[in-house]
Amino acid sequence: MNERQAEVLHELCNSLRPGQHNFATWEGGELAISAVPGAGKSHSMAVGAAIAIVRHKLHPRKQLVVVTFTRSAAASIKNKIRENLQRLQLPQGSFMVQTLHGLALHIASRHPEASGLNLETSTVITPNQSHRLLKGAVEQWIGKNFPHYQKLLEGMSFDGEETERLRRQSVLRTEVLPNLADTVIHEAKSSGFLPEDLWRVSEELQDPYATLAIAAGIYDEYQKIMRSRDFIDYDDMILAALRVLESPAICQLWQKQVFAVFEDEAQDSTPLQAKLLQTLATSPTSSQVNLVRVGDPNQAINSTFTPADPLYFNYFCDLCDRRDNLATMNRSGRSTPIILQAANFVLHWTNQLWLEGKKKENFLLPFRRQDIYPVDPDDPQPDANPIATGKGVEIYTPDDIYQTVEEIGKRAIALFANNPKHNAAVLVRENRQGRFIAEKLMPLQKDRDFKIYEVGEMERHSHIPEEMLKLLAFLDRPHSPDNLKGALEILEQRQLIATQDLNALATSPEQFLYPTPLDPPQKQHVKNARRYCNNLLRARLELPSYHLISFLGMTMKYTGSELATVQKLAERVFKQTIGNKSLKAIIATLQEIVASERFEGVQEESDDLYVRSGQLTIITMHKAKGLDWDYVFIPFLHEDIIPGLPWVPTASKFLGDFTLDEVARAQIRIAVHNAHLESLGERDKIESFPPPLSAWEEANQLKKAEEYRLLYVAMTRAKRLLWISAAKKGPFRWSIFNGQSADNLQNKRPCPAIEALKNKLPLLLQEVQKS
């Protein structure tokens, strides 16, 4: 190390605050770092990575592997490490940054024979409960297990009436069993459980419906269909990578190339994913595990969608604590002190609520007992713990949701007038809430110096398959008024044609597309629209069908990640239509993707779009994780939203006061927890399996805990002002609310945590002023 490098290393170490220094002093072994929101995880990880590379003289054949949860986070950390290495005048090949699934795919694709995956012919799918694969698996299970199905049909009681029998059959085939399959397959597969494992667990249960046995049967049928069609899902990537590493020779090959693994967002990892990282981080010569796991159990908000559970990272933290290898990054410079105090209050209030309602031993509190503290006055972070705007935390109770949006609009105008370079966000629980707010606030942009940007459900570019489907449907049947209007709507949305009366054009497709001298002359904007449509139809004649999706992507002037998503979609459709590449086959494939799949687009590698200065971003709480804004508005905080109220669909109540999918979720999680505890030698903590109703109640408690953590995440996005509201009146359900009429609003109860915070807020403000 030369003098210049020593100087830069000294500067990098001095940029770390207490708690972050553990990265700089780490020399090997396992280390857990529990970090609060805004603690500077990515900065300290990038510094720690650079120091490890220098200290251990890493190079392309012996690398540091950095793993994180999203592509945008991976790109951010990668750039920071690169900058540090440039300052140290070191080459860039000594590290790699990957998402978990990207790393697994990298390993599996290098060894196709060992992984069992042929990525040349396999198609990656993300089916939802309405996908025909799941429905096909359900129908095959019913055909082979009719007596079991008959027991479900009879439910708690049944008088044999034919109309009721038909109704129950429809509910079971289209709702109950597909939902059960969707939940269980993902939960079990990503936990490493095969169908036979579920059957084995089901034998230990006292369940009149044998829910897990049903799920195991459908899971088995699903796997058979997947194999027959050469489909894989994201869980298959992790399993394939682990299969590769089961070979001692290949495993040693990878372990020799990996010096250590740094994992970010460790609270979102499943046990199977953690096993993959631990295997890679193990030295083939000394068996030492060089693994640094960084996360915040209090920001674990993905267990509703994945089997990730803060319990596992908490276990890892406790294990490292017993070995004196636990560090805590509990200082945050992001928010003004009163916001930190409010978040701490919600944390302790929620834990106390759980302790008062304690129903069993060895249960996990919703939050790890870990307060957020402001940074020291001499901290190097610019504008750390900024001065509060207004009171810093403000809680309101508007008359209804319409007044709520009005108040947000007025406050946003005033805030941007005073500080046009600041940014703001409205955080919502559901996309429908975001659309409602965007519709009401959009007029405010006129004659204002700030922009409103809605990060809606379509932000991941899942709209592209639907747009392609509408355009191809028009090419297939251009004389259909519906197809023509669908294509014109897309052209208008993409601003390729002028806004006009599309119904007038679509009423007579032939007259619009092929006007005769006897028809009235068309206006210029109509001519432009016709020219676009005719160009599309000409491409239908001149290009092979399998080139049309790529052509349409260029014609619609998609750019960047949208164009990459179009290419990804075209490749997917090409694979699925091998042997029949007719336009109708392509349309049928797109119809299946649009109707029953969560097609994920190629994301931008930066979140800068969401945090631009002079912009009010409307975004879901989940999507907001990892971001921050000067001013944050959190409206509609009602009890039925956060933490939510237990609910069983009326149509399926003939089975009992619970839902089969949540019963199975709870049963699988207990089985996975027990297997994990056994591997740690902590058999005294192993749980027994509860009956179905108790399992359903436990699943709902886990959901409530996660909702309170989601609220905590949302609150800690704010730097200078946290504006919270719970209107007196709101819709019965946002999913069926059209946003047009206030007549159907109902009285609403506020979120209990916010009600408690409102009562405590004056005292918190006094404490902050004193300090």
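The values are calculated or read from the model by the stated rules, or taken from the named source; none is laboratory data. In this text, all values refer to a predicted model and were calculated from it rather than measured experimentally. Positions of Cβ are generated from backbone atoms using ideal geometry, with glycine treated the same way; all protein chains shown enter the neighbour counts. Calculation scope for accessible area: heavy atoms of the full protein, side chains included, ligands and nucleic acids excluded. Shrake-Rupley method; radii C 1.70, N 1.55, O 1.52, S 1.80 Å.
Numbers at a glance
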item: Heavy-atom accessible area ranking, 1.4 Å probe, most first, across Glu83, Glu592; result: Glu83, Glu592
item: Cα-centred dipole magnitude for the chain, charges only on beta-carbon of K, R (+1) and D, E (-1), debye, nearest 20; result: 1620 debye
item: Quarter of Cα convex hull surface for the range 556-668, i.e. mean projection, nm²; result: 13.1 nm²
item: Estimated translational D of the chain in µm²/s (Stokes, Kirkwood radius over Cα pairs; 4 °C; 1.567 mPa s); result: 45 µm²/s
item: Cα-Cα separations in the range 400-476 greater than 18 Å, expressed as whole percent; result: 52 percent
item: The range 357-439 pair-distance distribution - Cα-Cα, 5 Å bins, rounded %; result: 3, 9, 13, 16, 14, 13, 13, 11, 6, 2, 1
item: Shape parameters for the range 273-353, alpha-carbon atoms, Rg then Dmax in Å; result: 16.2, 51
item: For the range 132-183, alpha-carbon Rg and Dmax in angstrom; result: 11.1, 33
item: Neighbour cut-off at most 16 other Cβ (10 Å), DSSP loop, trypsin sites (Lys or Arg not before Pro), the range 512-609; result: Lys523, Lys557, Lys581, Arg598
item: For the range 477-531, projected area of the alpha-carbon convex hull averaged over all directions, nm²; result: 3.5 nm²
item: Ranked by how many other beta carbons lie within 10 Å on average, peptides 426-435, 371-380 from highest; result: 426-435, 371-380
item: Loop-located GluC sites (Glu not before Pro) in the range 667-736, at most 15 other Cβ atoms within 10 Å (DSSP); result: Glu682
item: Bins of 5 Å, starting at 0 and running to the largest distance - Cα pair percent for the range 234-306; result: 3, 16, 23, 22, 18, 10, 6, 2
item: Computed over the range 666-771, Cα set: Rg, Dmax in Å; result: 20.6, 59
item: Relative frequency of Cα-Cα separations exceeding 15 Å in the range 653-703, percent; result: 47 percent
item: Alpha carbon Rg of the range 411-537, scaled by the compact-globule rule 2.2 N^0.38 Å; result: 1.41
item: Over 18 Å between alpha carbons, listed pairs Lys144/Lys224; Lys80/Lys719; Lys391/Lys770; Lys410/Lys451; Lys358/Lys685; result: Lys80/Lys719
item: Accessible area expressed per residue, the range 226-270, with surrounding protein chains retained (probe 1.4 Å, Å²); result: 36 Å²
item: Cα-centred dipole magnitude for the range 364-502, charges only on beta-carbon of K, R (+1) and D, E (-1), debye, nearest 20; result: 100 debye
item: For the range 127-229, projected area of the alpha-carbon convex hull averaged over all directions, nm²; result: 6.7 nm²
item: Alpha-carbon Rg/Rh ratio, for the range 1-47, with Rh computed the Kirkwood way; result: 1.01
item: Cα-based convex hull, the range 29-163, per residue volume (Å³, whole number); result: 255 Å³
